[in-house]
Amino acid sequence: MENHVRIDHLSHRFINKKTQPYPVLHNINLSIRKGEVVCLVGNSGCGKSTLIQMLAGLERPSEGVLICNNREISGPGPDRALVLEQPTLLPWLSCFQNVYLAVEQVFGARETPGELRARARAALTRVGLLNDAAKFPGELSAGMRQRVSIARAIAMEPKVLLMDEPFNALDPLTRSHLQDDVLRIVGTLDTTVIMVSHDVDEALLMADRIVLLTQGPAATIGTIVPVDLPRPRNRLTVLSEPRYLELRTRILTFLHDQRHHREPELHAA
């Protein structure tokens, strides 16, 4: 498969209160194939969310370049959709209106209102919320609000779906249901998915590859773990796979070692 997203020699620094550069990411190099699901995993503070924001075009790297579909990422665009931990829905609009607004911005110049409405309804159907289309965000549970956020993202038909810990604020049961729903939806779309997670089990369930970042500051890619578990994945079946336990142990060992045995060279600015 072709490389759909490429990160070349990316480094990033923040300016702290003393106006001194604080190195967040250092020399990140990564190629992601079209249709691949890649999960970024690392201990807190390693720059995972910063990297996702750069891929979304919300922040520019200090050094290096990000490429999507053979074009440099220089800002937000309809080829990339971002789902955050907390759904960013407009509270004065219904579920349908929140999705329709995004669809109208992407396809409004070339489609009729009827076609736009059909797109919005189709997206809500995918997440199981068509019957709740007229409800407002304040009338929905946290899980339902996140479903609307996901529906809005997929309705835009992005080439890349970016997800920054999208299930983190949900209770375990709702989280597992929504993980399964996203797996099902992504399986029917030709969309590249890049996701941030703190949850190793979640990453193993959803990803084709897991990119493990070293401890910050100046975090870089420590190793990349291919998840060679067959698809489609059933969480109960996966949990009983010996290979699943091997991969889980490998990843947890890496994260533990990074937290307790930092490499000195990672602290250099």
Query raised in the report: Do the conditions hold for Ala122, that is, is it assigned by TED's automatic domain parsing to the domain that holds Pro232 and over 18 Å from Val37 (Cα atoms)?
Result: no
**Report entry** Residue count for the stretch 21-75, restricted to those that are closer than 26 Å to Ile185 by Cα, in a strand (DSSP E or B) and polar (S, T, N, Q)
**Finding:** 1
Report summary line: Per the filter on the stretch 218-261, residues within 21 Å of the chain's Cα centre (by Cα), part of a helix (DSSP H, G or I) and of a type in the set (D, E, K, R) are Arg235, Arg248
Report summary line: Note on the stretch 145-184: residues among the hydrophobic types (A, V, I, L, M, F, W, C), assigned to a helix (DSSP H, G or I) and without any contact (Cβ under 8 Å) to a residue 40 or more places away in the chain are Leu173, Leu178, Val182
Query raised in the report: Listed residues Ser74, Ser49, Ser62; which is assigned by TED's automatic domain parsing to the domain that holds Asp164, touching a Lys or Arg at 6+ places or on another chain (Cβ under 7 Å) and within 26 Å of Arg6 (Cβ to Cβ)?
Result: Ser62
**Report entry** Flag if Glu246 is touching a residue at least 12 places away in the same chain (Cβ under 8 Å), assigned by TED's automatic domain parsing to the domain that holds Tyr22 and among the acidic types (Asp, Glu)
**Finding:** no
Query raised in the report: Restricting attention to the stretch 90-103, does a residue exist that is farther than 25 Å from Glu202 by Cβ, β-branched (Val, Ile, Thr), surrounded by fewer than 20 Cβ atoms within 10 Å (Cβ to Cβ) and not assigned by TED's automatic domain parsing to the domain that holds Ser197?
Result: no
Query raised in the report: Right, Val211: without any contact (Cβ under 8 Å) to a residue 40 or more places away in the chain, in contact with a strand residue (DSSP E or B) (Cβ under 9 Å, 6 or more places away or on another chain) and either surrounded by 17 or more Cβ atoms within 10 Å (Cβ to Cβ) or not assigned by TED's automatic domain parsing to the domain that holds Asp164 (or both) or not?
Result: no
Report task. Report yes if some residue within the stretch 190-208 is small (Gly, Ala, Ser), in a loop (DSSP other than H, G, I, E, B) and surrounded by 13 or more Cβ atoms within 10 Å (Cβ to Cβ); otherwise report no. Result -> yes
Requested in this report: Could you list all residues from the stretch 106-125 that are in a helix (DSSP H, G or I), of a type in the set (D, E, K, R) and surrounded by fewer than 19 Cβ atoms within 10 Å (Cβ to Cβ)?
Outcome: Glu115, Arg117, Arg121
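The values are calculated or read from the model by the stated rules, or taken from the named source; none is laboratory data. Just so it is clear, the model here is predicted, and its values are computed rather than measured. Here Cβ is always computed from backbone atoms with ideal geometry, including for glycine, and neighbour counts include all displayed protein chains.
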